[in-house]
Amino acid sequence: MGGQTGFGPVPLDEHTEPFEADWEAHVFAVSTLLMRAGLWNIDEFRDAIERLPPETYLGSSYYERWLYAMETLLRERGLLPEHVFAELQHVGHEGHDDHDHDDHDHGDHDHGDHDHGDAEHGHD
């Protein structure tokens, strides 16, 4: 899905903040830390984003794609066991309710076996 054109310009002006919410800054920081630690490189990270199903890619914000890519890479490397992933999803849903969690597919991971509450990824 990534690398395609036709999504329009990225709106930027001198007052544009780099992050719309604190959780986005956290995703950026953790991703950068994990890359610098050598868990993956930029090409592997980009590939993980590009492998997201179209519904997930199009239905997710920029940093949600980053989060899904990190989840994918950590799970593929055996560093994020399923039971830990499920628990993080449950804990992370408190307080972040900017869109419906069930309205799009999240790639190779299933969110159907735990409670989503009313929220997406609460990373504040």
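What follows is calculated from the coordinates using simple rules that are stated; it is not laboratory data. Everything numeric in this text was worked out from a predicted model, so none of it was measured. For neighbour counting, all protein chains shown are included, and Cβ atoms are generated from backbone atoms with ideal geometry for every residue, glycine included.
A few comments on the model shown:
- Legend: ranking of residues I42, I49 from fewest to most surrounding C-beta atoms inside 10 Å; resulting order I42, I49.
- Ranked Y62, Y68, criterion: other C-beta atoms within 10 Å, fewest first: Y62, Y68
- Long-range HN-HN contacts of L39 with modeled amide H, under 5 Å: none
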